[in-house]
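Taken together, the values in this text are just the output of simple stated rules run on the coordinates, not laboratory data. Since the model is a prediction, treat every value here as computed from it, not as a measurement. Quick reminder, even Gly has a Cβ in these numbers, built from the backbone with ideal geometry, and neighbours come from all protein chains shown.
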Amino acid sequence: MRNRVRIPGYFWIIAFSLLLISCGGTHLVHIPVVHKTPLEPVAERTLMAWGVNVDITPPPGIPLAGFSSFSCKAKGVRNKIMAHIIYIKPMEGKPVALVQCDLLSGSLLVHHKVGELIADQTDVELSGLVMAGSHTHSAPGNYFGADFYNMNASNKMGFDQKLYEFFSTRIAEGIIEAYKHRKPARIGSGGIEIYGLTANRSFPAYMQNKDLDRTKPIDKFSAINPLMHIIRIDCLDNDGIYKPLAAFVNFSIHPNTNPIDLGGVYNGDVSAYVERLTANRISKRYNLSWEPVYAAANATHADTNPWYGKGVDEDFSDLYRLGNEISEKAFECFTKMDGNLKDNGKIEYSVKELDIFENNTFERITVAKNPKVGWPTLGGAQGRGRQNILSYFPPIAPGCPRIIFTHGEQGHKRPALGPLQYLLNPRKSFPHLLFLQVLRIGDTVIMALPWEITNHLGKRISDEAKKEGELLNWDAKSFIVMSCSNDYWGYVTTPEEYQVQWYEGSSNLYGPHTGDFIKAHMVDMVKRLAKGEASHQLSDKWLFSLKAREYFPKDSGNKKDTVMKRRMHSNPIFYSLKKEEESFWSFKWYDVGPWDIELHSPLVSVEVSKDNTEWKPLLLDGVPVNDSGLDIAITCEKKKTKYKMGLYNVKWYNLPARDGNYYRFVFQPRLNLAVFYSPSFMW
């Protein structure tokens, strides 16, 4: 029997009071969004497509999402936050725009606003737009369309309107660019199973599932979704040859390294390494005249963690190591598709949008009308999650379900703070406008959902959807459940996993039947799409009312009065650290303030010279060394100094072998300030 340690009652009173105090200082904003009709699609002689990589890295100082109060504000960036955008248009019919962002998740508000912004200049309608998050925990939060996650996902509370506008505008510009540059294309799909690089972090909950295949040994390394599924798109180059353009990839990996362990900088976690390294491999092998797009979305990953090794507190070198192993598998799968792509892939999709407060029953399956989080949510996920000291004590400890009175809508869940929960997070603050989407792209069906979905629930959904498709003689082959898409609703589990109340079940807001409710909707949508009965019924307009705070840096005002000359703070310095840590060159300089530094534009690169006179851009293995890559970090040391400028630090990691050459940092213009060079240094 579990030893139960009683936590004094005054602890909860103090904790609750502190939480209430921290909610102060917000103001209410109302964000209207209009559902607009896009341009009429034009029939083409062949499949058309294009893709772009859009930098969506905001200024320093934005709260980071995924670890709640255990996180921090971003000091700067290492590995840019990107939106990977792929536009695909069939010969007949409507196109899709696939957007994968290096963010915690999609956002219904951002998704709908992007649909509005692109309508006048593209033929992409809202139903055909998908926004999937890679689920990095080192990217900004505070951009969601529901107060609950704006108040709880990041270390600082409140919706940031400027951040939302920044993301929406940048993503919309990328889709418009992809539409305008579309070229004749071919499409195909493939998959590969990957074991040993991920593990199930909630194995006791997983083992509760009644329909597991127990004829084979099961451990945390097999209790995963091993499939990496790739949709590959090639485009016609100027030389008349079709060459790789993009890959839209689903793999269950769940990147969630604590940003504090990574220096508190924006980064795409292990997924960013998979993205960049695979794109580099593709570009090098196929001799491309364009930059390839590798979009790394998350499949059914809720109870999964990357496996870095036992006892590893991961840093960037660990992210690189694991990302490189995954990239090798991805590249192997990608190259096996050579010569197997078609120019006539079918594109179709269907959506549902419903208010779950008003429509909480479907096919006799009912979910809770009153969303709640359970006590174990406060303790964080097991494995490499948000676990803290409180997770060792009931009722916060995982596996402490309610045993009696389980007939209510929340079943075995013990709601955190009991009836006081709605004082902190009112019922209306929870996400309740549900956007469901099914897309067919070639022979692949993607079921895009806003939850983090456990592996076994995802298997049940995809298996049943595939079965229904086969009964209707639908020629689709792969059925993929994609998490964190178009919005964010926390976690969802199977009923069996829910009843033991680990972190994932505790964070399942709408009760034990949520998974079956989703499955019923997805199967219904697949059946209707297979019959040619796609639904596109959406509201004409939406109004999002949110509690807001401003974290985006404020404009410095009159630039002539506040901007002075760029200057050096100190000479470049080499830091040689312990064997298990990264060595680097560092240089501090004064530059424009955080508002104007524009981390989403190229800022820093490295040049090399043999004689300290003639300089050229440094290439390592054919890849330029700059802040768009993996090895340059930029942090803001002070927002404003005596020079009325910001103080910044650039660090260059993963250094080449010593060769006696000279190197220097190059800083691109900002505002009215010209190119700036650091003093040279020999390496």
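Tabulated values for the structure
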item	result
Dipole of the chain [Lys/Arg +1, Asp/Glu -1 at C-beta], most positive-end residue of Asn152, Asn238, Cys484	Asn152
FRET efficiency, 1/(1 + (r/R0)^6) with R0 35 Å, evaluated for Ile241 and Lys531 via beta carbons	0.35
Computed FRET value (nearest 0.05) for Leu577 with Asp261, which takes r as the C-beta separation and R₀ as 22 Å	0.90
Whole-angstrom gap from the stretch 476-522 to the stretch 73-148, using each part's C-alpha centre	21
³J(HN,Hα) computed for each position of the stretch 636-648 - Karplus, 6.51 cos²θ - 1.76 cosθ + 1.60, integer Hz, glycine/proline x	9, 7, 9, 6, 8, 10, 5, 8, 6, 9, x, 9, 10
Relative contact order (%) - criterion: Cα under 8 Å, at least six apart; region: the stretch 188-230	67
Placed amide H near Val293: partners under 5 Å, 5+ positions off or other chain	Ala246, Ala247
Label-point separation in nm, Thr46 to Phe70, each point 7 Å along Cα→Cβ	5.2
Calculated [θ] (222 nm, deg cm²/dmol) that DSSP helices of n ≥ 4 give over the chain, each run adding -39,500 (n - 2.57)	-6500 deg cm²/dmol
Value of relative contact order over the chain, rounded to a whole percent, pairs C-alpha under 8 Å and six or more apart	17
Local electrostatic count, Leu439, Cβ distance below 12 Å [Lys/Arg +1, Asp/Glu -1]	+2
[x] 15, 42, 27, 13, 3, 0; [y] 18, 53, 27, 2; [z] 10, 16, 12, 12, 18, 22, 9, 0, with the label sought being that of the calculated P(r) over Cα pairs in 20 Å bins from 0, in percent	[y]
In order through the stretch 125-130: 3J(HN,Hα) via Karplus (6.51 cos²θ - 1.76 cosθ + 1.60), integer Hz, x for Gly, Pro	8, 4, 5, x, 9, 10
Simple label model, 7 Å out from Cα along Cβ direction - Lys565 to Lys638, nm	1.9
Charge dipole of the stretch 559-682 about the Cα centre (unit charges at C-beta), most positive-ward option of Val623, Leu647, Leu603	Leu647
5 angstrom amide H check on His569, placed H, neighbours 5+ away	Lys588, Trp589, Tyr590
Positive-end residue of His229, Gly188, Leu212, charge dipole of the stretch 187-280 with Cβ unit charges	Leu212
Cβ charges +1 (Lys, Arg) and -1 (Asp, Glu), total dipole of the chain, debye	1660
Integer Hz, Karplus 6.51/-1.76/1.60 couplings in order for the stretch 344-354, x for Gly and Pro	9, x, 7, 10, 7, 7, 8, 9, 10, 9, 8
The stretch 184-249: trypsin sites (Lys or Arg not before Pro) in DSSP coil with no more than 10 other Cβ atoms inside 10 Å	Lys210, Arg214
Loop-located chymotrypsin sites (Phe, Trp or Tyr not before Pro) in the stretch 386-447, at most 12 other Cβ atoms within 10 Å (DSSP)	Phe405
Computed label-point distance, nm, for sites Asp120 and Ser317 using a 7 Å Cα→Cβ extension	5.3
The stretch 460-519, relative contact order in percent, only Cα pairs under 8 angstrom and at least six apart counted	28
Loop sites in the stretch 281-358: GluC sites (Glu not before Pro), DSSP, at most 13 other Cβ within 10 Å	Glu358
Sites Ser222 and Tyr677 - FRET efficiency at Förster radius 41 Å, r taken between beta-carbons, to 0.05	0.15
Environment charge at Ser570 (Cβ cut-off 15 Å; Lys +1, Arg +1, Asp -1, Glu -1)	+4
Charge context of Ala119, other residues only, Cβ under 15 angstrom, K/R +1, D/E -1	-2
